[in-house]
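One structure is given below, encoded as structure tokens.
What follows draws every value from the coordinates through simple rules; no lab data is involved. Note that this is a predicted model, so its numbers are computed, not measured. Neighbour counts are summed over all protein chains in view; Cβ atoms, including those assigned to glycine, are modelled from backbone coordinates with ideal geometry.
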Amino acid sequence: MASNAATGRLMRVLSPCLLAVPWLAAAPAAACPEAPPPAEYAIHHADHGEIGRHVITFACAGEELIVETVIEGEVKVLMIPVFRRAARYREVWRGDRLVAFESRFEDNGEVYEVGARAEGGRTVIDGRAGRLVAPATVVSNHPWNHAVIDRTLLFDTRSGALQQVRVEAAGEDEITVDGRAVRALRYVVSGDLARELWYGQDGTWLQSRLDYRGDAITLTHR
């Protein structure tokens, strides 16, 4: 699972509590670390099986880390599409600060767009929820970044709405990743967002589960 380890190293960079990691301390303060390879997740619906994929790519641009995500999902009944979702996110990070975010979300033909940018000691978010001003520490609810478990305020990638959350450690589980049994740390998110998250010991996002209109949707690392 070499790609998992690389992704985990990147997530350590973005978590403020891990800034003392020796290899990071030896790197130039403003430099972006070596970007890991893409990470791909299978999207499973409780009744319809695998319905799509969620792909994340990483790149360094000077001192900034660029994270791009493509999501595609579709449910068919008797070969007729009854649900379709497609989304694209683009995140720009400078150290542990999210400095820019853009998303375009198509949900059954309806389009949602969110934009966020750092302005001094705050973050300005524009979306369906209107223009909102949040602390500089706010990040999106996209769980690829292990730092989400340390935040109490997130914003929704679809609407831009702010979400007050509580994240609680819920022990260790054995889950299946790419056909292999893996030990993972489980977290339960509650408040304005209900979700379960599983991360590897190195901080790699391995799996998440949420309810969508009463159905369980699970994303699992390939």
remark   = Quick calc: nm separation of the 7 Å Cα→Cβ label points for Glu74 and Val55 -> 1.5
query = In percent, how large is the relative contact order of region 89-222, given Cα pairs closer than 8 Å and 6 or more residues apart?
reply = 13
message = Between Glu63 and Tyr212, what is the label-point separation in nm under the 7 Å Cα-to-beta-carbon projection?
response = 3.8
query = What's the extension gain from His48 to Leu132 if we count 0.36 nm per residue and subtract their Cα-Cα distance?
reply = 26.5 nm
task = Give, rounded to the nearest 20 debye, the magnitude of the charge dipole that region 71-222 has about its Cα centre when Lys and Arg contribute +1 at Cβ and Asp and Glu contribute -1 at Cβ.
result = 280
note = Per the rule of 0.36 nm per residue minus the C-alpha distance, extending Arg166 to Thr152 adds in nm 4.4 nm
ask   = Between His146, Leu219, Val133, whose Cα lies farthest towards the positive end of the dipole of region 113-222 when Lys and Arg beta carbons carry +1 and Asp and Glu beta carbons carry -1, centred on the Cα centre?
value = Val133
